[in-house]
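Peer 1: One structure follows; several queries about it will come next.
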Amino acid sequence: QRELNWMGPVFDLLGLSVGAIVHEKSFVFEAQEKPDQEEVTIEHENLKEVPRKEAYLADITYGTNNQFGFDYLRDNMAPSQEQIVQRSLNFAIIDEVDSILIDEARTPLIISAPDQESSELYRHFSKIIPNLKAEEDYEVDKKRRSVILTEAGISKMEKLLGVDIYKKNLLKHIHHLEQALKADAVFERDKDYVVQGQELIIVDSFTGRLMPGRRFSGGLHQALEAKENVPVMPESRTLATITFQNYFRLYEKLAGMTGTAATSAEEFSKVYELEVTVIPTNKPIVRDDKADKIFKTEDGKFKAVANTIKELHTKGQPVLVGTISIEKNEKLSRLLKK
C-alpha cells in the first residue's frame, strides 16, 4: 500500500494503472483532487478497494511474494475460469531479490484443508511430556532441531500411557508423542513463535517478523498449541504447494534489485539465467569502510560489539545492529543487558 501511494501518482501521470495486493484486500490507485485546490493528494484516500482480479488487471501490481504465490495456488484449485484472479505471469520485478530467490528459494507455500480431529491426543501428550528428563529420557540434536527418545524414555512413556506403543507399533501415538516432545524440548516461546490472544503465530527465523496465517506442518503446530494451552486447530492435509523458486521461474521475464547481488551472481546465473549488473553510486561514497576486525572466538566478537554499542550509545549516537538469526539477537541482547 505504501509503495502504491508513493509511485501511484508517477505511473498515473504516465497513463499506467496500478494495483496492490495485501492479505485480505486489494486496491487500485485512483488520484483524488482536493475540492478546494487543484492538487492531487498521495494519501490513503487515493486507494480504491476493488476485487482481487481487478487489481491483477492493472498494468503494474504491487504485492508480497507470499500473496502472489498463494493466489497462484488458489487459481490452480479454482473450480471455474471466472474465479481465477491472476492473468499470465509476464514480468516480475523483485525487491531484495537475493533474499527471495536464493535465501528463501526452497520455502514451500502450502494450501491445506482440515483432515482429522485429534486435538485431545495432542493435549494428552503435552501433559505427559514434562515428566521426561533431558539427556536421561531423550536427546536433543540442536543443529537438526530434532529430538530422540532413549530406551529409558520409551519405557517411562509406556508406563505413563499404560500401553506398549512401540511394541504394538501404534504409529499415530508415536507421531503425536514425537511432535509433543519436539514442541516441548526444541521450540521456545517468543523465539520460534509468539502467542497473541488465543493464537500461536510463527516467527520467521530469517527476519524475526511474525507470519500470521502460516502453520508448522506435520502436527507440530497442534503440539505447540497444546503446549501453550490455546485452542488446538484440526490437523490438515496438503491440497497445493509450490516453492518461491518454482513460482518465480514461471514468469516470462524476471528481474530484481538488492544491495548484495554481486556476491550471489553465480547462483543467479546457474539457477535463473539472470545476469547481475552493479550500478555505480550517484555521488562518490563518503562512508569510511575500515578494515575488518577478526576475533579468535565468537564470544570475543560479541563482547567487543556490545562494548562498542555502549560507547556509541553513551555519546548519543544512533546504532544499527544486524545479526544473522534470532538466536544471535538473543545472545547480543543478554550481553547488552549485562
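The values are calculated or read from the model by the stated rules, or taken from the named source; none is laboratory data. Worth saying up front: this structure is predicted, and the values here are computed from it rather than measured. When we count neighbours, we look across all protein chains shown, and the Cβ atoms used for this are built from the backbone with ideal geometry, even at glycine. Just the protein is used for accessible areas: all its heavy atoms, side chains included, with ligands, DNA and RNA removed. Shrake-Rupley method; radii C 1.70, N 1.55, O 1.52, S 1.80 Å.
Peer 1: Could you tell me which of the pairs LYS143/LYS253; LYS290/LYS337; LYS293/LYS338 are separated by over 30 angstrom between their Cα atoms in the structure shown?
Peer 2: Working: LYS143/LYS253 38 Å; LYS290/LYS337 28 Å; LYS293/LYS338 23 Å.
Among LYS143/LYS253; LYS290/LYS337; LYS293/LYS338, the Cα-Cα distance tops 30 Å for LYS143/LYS253.
Peer 1: Check cross-link reach from LYS53 to the aspartates and glutamates: straight Cα distance under 16 Å, and skip same-chain residues fewer than eight apart.
Peer 2: GLU24, ASP71, ASP75, GLU82
Peer 1: If you don't mind, there's one more thing I want to ask. How big is the range 183-338 along each principal axis, measuring the range of its Cα positions in Å and listing the largest first?
Peer 2: 57, 53, 29
Peer 1: Could you tell me what % of all Cα pairs in the range 111-267 have separations over 23 Å?
Peer 2: That fraction is 49 percent.
Peer 1: Moving to a separate point now. For the range 192-335, give the percent of accessible area contributed by carbon and sulfur heavy atoms, probe 1.4 Å, rounded to a whole number.
Peer 2: Ligands and nucleic acids excluded, carbon and sulfur reach 51 percent.
Peer 1: Moving to a separate point now. Using a 1.4 angstrom probe with every protein chain in place, what is the largest-first accessible-area order of ILE102, ILE294, ILE148, ILE128?
Peer 2: ILE294, ILE148, ILE102, ILE128
Peer 1: Taking the Cα atoms only, what angle lies between the long axis of helix 326-337 and the longest principal axis of the chain, rounded to 10 degrees?
Peer 2: Around 90 degrees separate the two axes.
Peer 1: Can I ask one more? Using DSSP to define loop residues, name the chymotrypsin sites (Phe, Trp or Tyr not before Pro) in the range 232-325 whose beta-carbon has at most 13 other beta-carbon atoms within 10 Å. Can you show the working numbers first?
Peer 2: Details: sites: PHE244, TYR247, PHE248, TYR251, PHE268, TYR272, PHE295, PHE302; in loops: TYR251, PHE295.
For chymotrypsin sites (Phe, Trp or Tyr not before Pro) across the range 232-325 that sit outside H, G, I, E and B with at most 13 neighbouring Cβ atoms in 10 Å, the list reads PHE295.
Peer 1: Taking the Cβ of LYS310 as the centre, find all other residues whose Cβ is under 12 Å away and add up their charges (Lys, Arg: +1; Asp, Glu: -1).
Peer 2: Cβ neighbours under 12 Å give a net charge of +3.
Peer 1: Hey, another quick one. Quick check on the range 241-294: take the gyration tensor over C-alpha atoms, sort the square-rooted eigenvalues as a ≥ b ≥ c, and tell me if it's rounded (a/c under 1.5), prolate or oblate.
Peer 2: It is prolate, given that a/c is not under 1.5 and a/b is the larger ratio.
Peer 1: Output the direction-averaged projected area (hull surface divided by four) of the convex hull of the alpha-carbon atoms of the range 55-143, in nm².
Peer 2: Quarter of the Cα hull surface area: 10.3 nm².
Peer 1: Related question: Which loop-located GluC sites (Glu not before Pro) does the range 254-338 contain, where loop means any DSSP state but H, G, I, E or B and the Cβ has at most 14 other Cβ atoms within 10 Å?
Peer 2: Listed in order of number, the matching sites are GLU273, GLU275.
Peer 1: Taking only protein heavy atoms into account and a 1.4 Å probe, give the accessible area per residue of the chain in Å². Could the numbers behind the result be given before it?
Peer 2: Details: 22740 Å² over 338 residues.
Using a 1.4 Å probe on heavy atoms only, each residue of the chain averages 67 Å².
Peer 1: To the nearest 10 degrees, how steep is helix 298-314 against the longest Cα principal axis of the chain, on a 0 to 90 scale?
Peer 2: The answer is roughly 50 degrees.
Peer 1: Hey, another quick one. Relative to the longest principal axis of the C-alpha atoms of the chain, give the angle of the C-alpha long axis of helix 65-77, reported between 0 and 90° and rounded to the nearest 10°.
Peer 2: The angle comes out at about 80 degrees.
Peer 1: Also, I was wondering about something else. What net charge is computed for the residues neighbouring GLN245, neighbours being all others with C-beta under 10 Å from the C-beta of GLN245, Lys and Arg scored +1, Asp and Glu -1?
Peer 2: +1
Peer 1: Give the ranking of GLU82, GLU3, GLU235 by solvent-accessible surface, highest area first, calculated with a 1.4 Å probe.
Peer 2: GLU82, GLU3, GLU235
Peer 1: How much length, in nm to one decimal, is gained on full extension between ASP12 and ASP289, taken as 0.36 nm per residue of separation minus their Cα-Cα distance?
Peer 2: Values: separation 277, 0.36 × 277 = 99.72 nm, distance 4.07 nm.
So the chain would gain 95.6 nm between ASP12 and ASP289.
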